[in-house]
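Accompanying notes for the structure given below.
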Amino acid sequence: MNPLHLLETMLTDAEEVKAIRDSVTVVPEALQEDFVSLPAFLAYWSHRYAAAVRAALVAEAVRKETEARAWLETRAVFQAEADAEVMKAAKAAAKADAKVPKAAKQTVDDIKATVAVRDDVRGAIIAEANAEAERERIRGVLDAVRAKQSALLTIGAAQRVEMEGNPSLRRDATRERRERLASETIG
């Protein structure tokens, strides 16, 4: 199966699929055009990667802030509940002239468990995971563009060696490139 076809089935944005395909596909008959467009592709995907890294870092910061706020709120609720229990027990003990019992302490694990199931915390965790996944997806495209750069250099070097020994190949390649450019310009 063609890996680019697999990519098309995963992505829903046709323009994104075309941009990725154009960025990573090597066309041996159009090496000159690929060499010319490569810096733009590298710049574009580097920019997209930087934006994805930034989004992942922001999502991580938001998740940490959301968890911290949830932690403090949960601890305050537990403390208020414990204080209310102590007040109730103190009133009952005063009436019975008995010793006031201590409130049950909430453990760190109790607070963690309560924080983990809060909707705002789960939402922040999911947003962070999505941002990290997007960062890795864009990194993969950028790595593929860099692999294209390496492939172009290898193919170009092999063609130069081949053309050095046969001047007619050089003329044929130049003519084919001009004809292709002319047909693209007309069509």
Which residues, counting only those in region 74-91, are more than 17 Å from T107 (Cβ to Cβ) and surrounded by 12 or more Cβ atoms within 10 Å (Cβ to Cβ)? V86, M87, A89, A90
Is it true that some residue in region 143-154 is modelled with pLDDT of 90 or more and closer than 29 Å to R63 by Cβ? yes
Can you pull out every residue in region 138-151 that is within 17 Å of the chain's Cα centre (by Cα) and either surrounded by fewer than 16 Cβ atoms within 10 Å (Cβ to Cβ) or not in a helix (DSSP H, G or I) (or both)? R139, G140, D143
Does region 73-84 contain at least one residue that is modelled with pLDDT of 80 or more, in contact with a Gly (Cβ under 9 Å, 6 or more places away or on another chain) and over 18 Å from G140 (Cα atoms)? no
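The values are calculated or read from the model by the stated rules, or taken from the named source; none is laboratory data. Note that the structure is predicted; figures quoted are calculated from it, not measured. A quick note on method: Cβ atoms are made from the backbone with ideal geometry, for glycine too, and the neighbour counts reach across all protein chains shown.
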